[in-house]
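**Q** To start, I am sharing the structure in question, which I have written as structure tokens.
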Amino acid sequence: MKLTQKKEDLSWLMTAGEERVARRELQKRRAALAAEFPNMILQLSLLLNAGLILDAAFDEIMDSRRDDGNILYRLLGEIMENSRRTNGSFVAGLYQLAGRSRDRDLIRFATLAAEHRGRGSELSERLEREKDHLWAGRLASARASAREAETKLCFPLMLLLISVVIISIAPALMEMG
């Protein structure tokens with residue numbers, strides 16, 4: 001009886017550890033996606049301003065970034081291959097990805113792409129605003145992580161200050177005593 005109980009406890013620990021690893025991996029993927037997404041929007045906006053339509057602009061971006069290894073471009077590449085294989089819409093696949101990811105920025109972008117698919121200039125103007133919004137969010141995120149790092153460094157600096165005070169006062173105390 002005790003042996004099976006221990007096995008169940010160990011399996012629960014393994015499951016909890018696997019879940020922790022999976023959550024950490026998911027956080028890394030979301031951070032990589034959030035870091036690269038504003039750059040992709042900027043590239044797309046520039047290509048649309050140059051006169052390309054949405055699908056051609058995505059083709060150009062994917063041709064230039066195919067071997068990048070970033071999760072965003074890997075997902076977009078999968079959507080592009082799937083839409084070519086099934087003769088489906090790239091924008092529809094992008095919208096499905098946005099729904100699965102539950103990322104606000106990706107959902108907003110997919111909605112913009114679906115609404116303005118045939119009108120490149122209007123989409124370009126909206127993407128410019130979206131790009132500014134994303135860069136502002138990225139800047140706020142960088143500032144928050146800088147404040148967090150500052151807070152984490154406070155305790156070691158306090159210990160360092162105490163050790164410097166002890167080292168400088170110790171000779172005076174030894175001479176008095």
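We did not get these values from a lab; they are worked out from the coordinates using the rules stated. What you see is a predicted model; the values in this text were computed from it and never measured. With ideal geometry, Cβ positions are generated from the backbone for all residues, glycine too; neighbour counts draw on all protein chains shown.
**Q** To the nearest 500 deg cm²/dmol, what mean residue ellipticity at 222 nm is calculated for the chain from DSSP H runs of n ≥ 4 alone, each contributing -39,500 (n - 2.57), summed and divided by the residues?
**A** Working: 6 runs with 157 residues, N = 177.
About -31500 deg cm²/dmol.
**Q** Computed from these coordinates, which is semi-axes √(5λ) of the Cα gyration tensor in Å: [x] 48, 29, 12; [y] 36, 21, 17; [z] 30, 20, 17?
**A** Entry [x].
**Q** On full extension of the chain, what length is gained from T15 through A136, given 0.36 nm per residue of separation minus the C-alpha to C-alpha distance? Please report the intermediate quantities before stating the final value.
**A** On the way: separation 121, 0.36 × 121 = 43.56 nm, distance 3.82 nm.
Length difference between fully extended and current span is 39.7 nm.
**Q** So, one more: How high is the FRET efficiency between A92 and E128 when r is their beta carbon distance and R₀ equals 35 Å, given to the nearest 0.05?
**A** Details: r = 24 Å, r/R0 = 0.69.
Efficiency computed from Cβ-Cβ geometry: 0.90.
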